[in-house]
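Here is the structure we will look at, set down as structure tokens.
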Amino acid sequence: MKPMIFSLFDTLSLTAAIQDKYELELGEVILHQFPDQETYLKISSNVKDRKIIVATHLDKPNPKILPLLIFAETARDLGATEIGLIAPYLPYMRQDKRFTPGEAISSISFARLLSHYFNWMTTIDPHLHRIKTLNEIYTIPTTILHSNDQIAWWIKKHIKNPLIIGPDKESEQWVSNVAKKINMDTPYVIAEKTRKGEREVEVSIPKIESYKNCIPVLIDDIISTGKTMTKTVEQLIELQFKWPVCIAVHALFDQGSYENLLSSGAEKVITCNTISHPSNEIDITGLIVDSIESHL
Ligand code: R5P
């Protein structure tokens, strides 16, 4: 029997696309918040002896995590034989080190938690920096999908003569790849970022005067406070470049950061729809849908 698919936290269009392609049954789950903020959860569909898949958004994760774990625990208790997780954005990947004594390495705690409740997980472009692969911290099989093709396609379609710019060393992995996919000779440069605090960064761009006729396209995996992008945009404007286009995979956007980035001089801010946001212009649904086949 094919798995049953569930949607949690606003992933209905993603689950509908998966359902359509593989003719999966959509499971019914009721989530309700009691006046005391605790969660009521009921799985109304019969999951006994069924494999199930749950797709969920996990940005602003804390209020979503506990209901998600209660869902998994309940499904297992009701007889589900396997529970797969589709989380287009994987949170808690940036605290991947004990920077000062006593700090939690929350990437590891979170990975242990999810590995305990789920049989497999699929995600898009997780923030891998000091941790190089998810296998280092997750004990379940994980699939990492990359949005490089979709981002490169968008740039190719909309921007003539781009100069791809990565705001920091970590971004080189996807920036170099995207540049190559646009065209073998698309230029790219990597800036240097120093993070001074949660909302304070310094970015220094290498010599790029010879690219003055190009449109700068900044690419990063995450925009959160938007400071990384804003600082880079401001410098490019100072260097009298054309207004840059900013592209990110995951639109975390802290309060006001989208508006601030636009008013700092960005021509456009574009993201993938791993998190719902008005800037979503790059659709990664097909990427996830195709990857699910191996779990049926
Ligand atoms: C971190 O290194 C990431 O790749 C992003 O550059 C970072 O998360 C962006 O954060 P913010 O928008 O707060 O500057």
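For this structure, a couple of remarks:
- GNM flexibility winner over the chain from VAL201, VAL54, VAL249 (Cα, springs under 10 Å): VAL201
- Calculated FRET value between ARG112 and TRP153, using beta carbons and R₀ = 35 Å, to 0.05: 0.45
- Partner lysines whose Cα lies under 27 Å from the Cα of LYS2, excluding those fewer than 8 positions away in the same chain, are identified as LYS21, LYS42, LYS48, LYS51, LYS64.
- Given charges at beta-carbon only (K, R positive; D, E negative), |dipole| of region 135-249 in Debye: 400 debye
- Straight-distance candidates among the lysines for linking to LYS157, with alpha-carbon spacing under 22 Å and chain neighbours fewer than 8 residues away dropped: LYS180, LYS181, LYS212, LYS242, LYS268.
- Scaled to the globular estimate 2.2 N^0.38 Å, the Cα spread of the chain, given as radius of gyration, is 1.07.
- Region 241-283 - Rg (one decimal) and Dmax (whole number), Cα, Å: 10.1, 30
- For region 106-224, the Cα gyration tensor yields ellipsoid semi-axes of 31, 19, 10 Å (square root of five times each eigenvalue, largest first, whole Å).
- When only alpha carbons are used to place a centre, region 223-251 and region 1-54 end up 38 Å from one another.
- Mean-square fluctuations from a GNM of the chain, with a 10 angstrom spring cutoff on Cα atoms, peak among MET93, MET184, MET121 at MET184.
- Förster-model FRET efficiency, 35 Å R0, ASP77 and PHE99, C-beta, rounded to 0.05: 0.35
- Across the chain, the mean sequence separation of Cα contacts (distance under 8 Å, 6 or more residues apart), normalised by length, yields a relative contact order of 12 percent.
- Note on the chain: helix-only mean residue ellipticity at 222 nm, from DSSP H runs of 4+ residues weighted -39500 (n - 2.57) and normalised by residue number, equals -9000 deg cm²/dmol.
- Label point at TYR22 placed 7 Å out along Cα→Cβ; residues across region 46-76 whose backbone nitrogen lies under 16 Å: 50-56
- Formal net charge of residues neighbouring GLU202 (Cβ-Cβ distance under 13 Å; K, R +1; D, E -1): +2
Just so you know, all these numbers are worked out from the coordinates, no wet-lab data involved. It should be emphasised that the depicted structure is a prediction, and the values quoted were computed from it without experimental measurement. In this analysis, Cβ positions are derived from the backbone assuming ideal geometry, glycine residues included, and neighbour counts consider all displayed protein chains.
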